[in-house]
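The values are calculated or read from the model by the stated rules, or taken from the named source; none is laboratory data. A quick note: this is a predicted structure, and the numbers were derived from the prediction, not measured. Note that each Cβ is placed from the backbone with ideal geometry, even for glycine, and that neighbours are counted across all protein chains shown. Surface accessibility is based on the protein's heavy atoms, side chains included, excluding ligands, DNA and RNA. Shrake-Rupley method; radii C 1.70, N 1.55, O 1.52, S 1.80 Å.
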Amino acid sequence: MSQSNIRSRYKKALKSSVEAKLAELESQGALIQDLEQQLSTARTTYNALKNELTPYLNDSSVIKPGPITCIPRELLVEMFKLYLGAAGHQCIRTLLLICRQWHHLVADTPSLWTTIHVKPPS
């Protein structure tokens, strides 16, 4: 094989490789443009939602804790004991699911869940 044939084949292979890389570069450029457009749309939507919710997030009067949060823990425990005495201790799960504060209060008060009530068969 002559040296000119080798150069010709090399140039063809190099040209083919460069063309493939240029095509990939163009494809990646288009992908970047598409992603930038999606990001711009997402930012616009995000900012619109943020602006819409700002009054609610900054106004502490919008979401106020209920009056039950003002009741002392000891009194709540006594109320829970009355509830469980009337409804049965199997209802303790209800108290655990009301809110995080009540869940912690029930979990931190062993007298609510350490007593076993057994009804004798009739």
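Of the helices (runs of 4 or more DSSP H) lying entirely inside the range 21-113, those containing at least 1 residues that are among the charged types (D, E, K, R) are 73-87, 92-98, 100-107. For V18, are the conditions met, namely being out of contact with any strand residue (DSSP E or B) (no Cβ under 8 Å at 6 or more places or on another chain) and in contact (Cβ under 8 Å) with a residue 12 or more places away in the chain? Criteria not met by V18. When restricted to residues that are under 25 Å from T69 (Cβ atoms) and either without any contact (Cβ under 8 Å) to a residue 24 or more places away in the chain or open to solvent by 90 Å² or more (accessible area, probe 1.4 Å) (or both), the range 85-122 contains 19.
Residues in the range 69-84 that are closer than 13 Å to L112 by Cβ and open to solvent by 60 Å² or more (accessible area, probe 1.4 Å): R73, E74, E78, M79, K81, L82, Y83.
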